[in-house]
Amino acid sequence: MMTQESAWLTDEARREAKAAARTMWGLGDYHRFATELVWGFGPELVAACGISAGQRVLDVAAGTGNVAIRAAEAGAEVVASDLTPANLEAGAREACARGIELEWVEADAEALPFGDAEFDVVTSAAGVIFAPDHQAVADELLRVCRPGGTIGMINFTPEGLAAEFFDLFGRYAPPPPPGALPPVLWGSESHVRELLGDRVASLELTRKQAVEKLGGGPSDYCAFYKATFGPVVALYGLLADEPGRLGALDREFLEFATRANLGEPEGPVEYHYEYLLVVARKRM
């Protein structure tokens, strides 16, 4: 089956895009970002998928082990895959500190290096949504999941605050690869249904809110992202020689952080990001 991305890009352009993404996500300190803001996704997805001892689990675009480490703590045999070696290394250190063993594999979510039907559960929490070819990702998640197995995801929605966040930075970033789809489309119920199609026997879709809290005010929230979140770190570095655009981005980012804050004006700040919890059962 020819995927959308294979039709959009030459092999060389695709390799370059993957290399750029690998570098981008290695900037900053993603493990600090994850543990302070989105670490709650791990136990939620483990519980939603019913992960337990005796299961073989694959977490795709695992970051530093948000879901994978929790699945291993539940007794499952776990493989954590991610495009970025720095994330895998940080995750391995976290797992070691917790006394947890799991396998860490560098892998592209659009072309997973695993066999068909190899896993009982396949998960991704705000991870594979950043791959440009959504159908290729969906096909891979289904391919490596056994018949009757579970696919669980946490995806930011197009109606939530994440869409505004991504739109803000997208106005200053280089254009995405031709035909690349926005990450928040994974949070659309109709889009998920279309991607998975009749290959799943059941599909549970639940909208929920993730609350990000940090000490300090909106300017501190911006500073935290600029220090830890790879795509933001990369964009600020790219604009270093364009002081006018860099200053405009800074102003817009602070305006966003001030307007969207549901906490105290001087802190701690609080931001609510809507997401879609996806739990699918693959057909037998």
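The values are calculated or read from the model by the stated rules, or taken from the named source; none is laboratory data. Remember, it's a predicted structure, so these values are computed and weren't measured experimentally. Neighbour counts run over all protein chains shown; Cβ positions are idealised from the backbone, glycine included.
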| said: Given the criterion within 26 Å of Thr23 (Cβ to Cβ), among the acidic types (Asp, Glu), assigned to a loop (DSSP other than H, G, I, E, B) and out of contact with any strand residue (DSSP E or B) (no Cβ under 7 Å at 6 or more places or on another chain), identify the matching residue among Asp241, Asp250. | reply: Asp241
| message | List the residue pairs whose Cβ atoms are under 7 Å apart, where the first residue sits in region 20-48 and is on the phi > 0 side of the Ramachandran plot and buried (at least 20 other Cβ atoms within 10 Å of the Cβ), the second is modelled with pLDDT of 95 or more and outside any helix (DSSP H, G or I), and the two are 6 or more positions apart or on different chains. | response | Gly28/Phe229
| Of all residues making up region 251-284, the number that are under 21 Å from Arg171 (Cα atoms) and touching a helix residue (DSSP H, G or I) at 6+ places or on another chain (Cβ under 8 Å) | 8
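Considering Ala53, Ala62, Ala71, which residue is among the small types (Gly, Ala, Ser), more than 23 Å from Ala173 (Cα to Cα), over 14 Å from the mean Cα position of the chain (by Cα) and assigned to a loop (DSSP other than H, G, I, E, B)?
Among Ala53, Ala62, Ala71, only Ala53 is among the small types (Gly, Ala, Ser), more than 23 Å from Ala173 (Cα to Cα), over 14 Å from the mean Cα position of the chain (by Cα) and assigned to a loop (DSSP other than H, G, I, E, B).
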| Quick check: anything in region 139-151 hydrophobic (A, V, I, L, M, F, W, C) and surrounded by fewer than 21 Cβ atoms within 10 Å (Cβ to Cβ)? | no
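Please tell me if Ala201 is surrounded by fewer than 17 Cβ atoms within 10 Å (Cβ to Cβ), of a type in the set (A, V, I, L, M, F, W, C), more than 26 Å from Ala257 (Cα to Cα) and touching a residue at least 60 places away in the same chain (Cβ under 8 Å).
Taking the combined requirement at face value, the residue satisfies it.
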